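Notes to accompany the following structure.
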């Protein structure tokens, strides 16, 4: 007996019953991004593996454990399904010289891939919306991104369910000083470190602060703070970001342990967090990454950005009771009889010419069974066609929702006689 083929574990189908909420989310987001002057960028799903190793950092969970990497048998090239979008956006900006005439505000959307243990809110194929501002110095764009996301939560109806945490990673000198203090601190407490922390102690001690091991929480909480190493420039940058949030009335918490899981960040980092989705509480995160473009071979260019998990935000919208838009045709065309069946095609196209969404019944069936399907479709009208209507080039329009009388209309006069409002 042949086994039934199924989707790859952690890579889910999005069914027609679910797509209305996806489109609702995407429509809101597209309108918001356009209002801030951001333009869409589309990058390949496959990239050279070296891009992510150089950008994200080789001693990170993503590169060490989670990437889908394989060798192209045709040319021996190591390729990786993108685990995140910022590196691809930076690579595209370098390759196509997008910054030749100044900074660019960009956004992208699409599937990302990480080999993790699937659970609610964490999948092996997941979807992100990313926003990147390349070529802008100072805290202005950091503030813009935080205000933009706060506005988005209101439009999505989830603003009461999220909270903002921010931190500063400072510049390279501050991180170097902090790194030495971290190594000394954790070396003095090696007996309390787990295997991951021991492995990263000298290669990437900052990642230890991002541990998800509750047994190390107390140790990490007492570790030296990067905030204490910030110089005047970094403090001024962070102070301006905080002032921008306060001026806008956006509540936030400074979390000195917030470091993010990617090596390219500096200065501002942030996370929007919820308590309504269990362990997967981060719905949007980002910050500044001024060295990434140069690190990938481009001319030095400051940058900042953020990404949000679409599946998590859709779950949060459902948790908040935000209803997806109803999707139903305006007209369901019922047709009984040979001549009616031929005429039904003309009628359906004429109705679509009038600006209506039309479902033409297929598969035959009695008048009664077709009317049941018309009603189940949630259409506003049934357009009934029998051989008599076909001979007269007319349709009988029966309202299925609300008040109204059944009328017989000439096909040539639909624009004036059939309402086209979608309200």
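The values are calculated or read from the model by the stated rules, or taken from the named source; none is laboratory data. From a predicted model like this one, the values you see are computed outputs, not experimental measurements. All Cβ positions, even for glycine, are placed from backbone atoms using ideal geometry, and neighbour counts span all protein chains on display.
Of the candidates 329, 300, the single residue that is surrounded by fewer than 23 Cβ atoms within 10 Å (Cβ to Cβ), part of a loop (DSSP other than H, G, I, E, B) and touching a strand residue (DSSP E or B) at 6+ places or on another chain (Cβ under 6 Å) is 329. Residue under question is residue 46, and the condition is that it be surrounded by 12 or more Cβ atoms within 10 Å (Cβ to Cβ) and out of contact with any helix residue (DSSP H, G or I) (no Cβ under 8 Å at 6 or more places or on another chain); does it hold? Taking the combined requirement at face value, the residue satisfies it.
Every residue, every condition in (1) on the phi < 0 side of the Ramachandran plot; (2) buried (at least 17 other Cβ atoms within 10 Å of the Cβ), yes or no:
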{"residue": "350", "(1), (2)": "yes, yes"}
{"residue": "353", "(1), (2)": "yes, no"}
{"residue": "357", "(1), (2)": "yes, no"}
{"residue": "363", "(1), (2)": "no, no"}
{"residue": "371", "(1), (2)": "yes, yes"}
{"residue": "376", "(1), (2)": "yes, no"}
{"residue": "380", "(1), (2)": "yes, yes"}
{"residue": "389", "(1), (2)": "yes, yes"}
{"residue": "392", "(1), (2)": "yes, no"}
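Set side by side, the residues 91, 82 differ, and just one is surrounded by 13 or more Cβ atoms within 10 Å (Cβ to Cβ), assigned by TED's automatic domain parsing to the domain that holds residue 297 and closer than 30 Å to residue 197 by Cβ, which is 82. Out of 138, 170, 130, which single residue is modelled with pLDDT under 95 and crowded, with 22+ Cβ neighbours inside 10 Å? Residue meeting the stated conditions: 170. What number of residues within the stretch 334-348 satisfy the criterion of being buried (at least 21 other Cβ atoms within 10 Å of the Cβ) and touching a residue at least 60 places away in the same chain (Cβ under 8 Å)? Summing the residues that are buried (at least 21 other Cβ atoms within 10 Å of the Cβ) and touching a residue at least 60 places away in the same chain (Cβ under 8 Å) in the stretch 334-348 gives 1. The helices (runs of 4 or more DSSP H) located wholly in the stretch 183-254 that include 2 or more residues which are free of Cβ contacts under 8 Å to residues at least 12 places away in the same chain, in the same structural domain as residue 139 (by TED's automatic domain parsing) and surrounded by 12 or more Cβ atoms within 10 Å (Cβ to Cβ) occupy 232-247.
Checking 416, 421, 369, 412 one by one, the residue that is closer than 23 Å to residue 339 by Cα and either at pLDDT below 85 or part of a loop (DSSP other than H, G, I, E, B) (or both) is 412 and no other.
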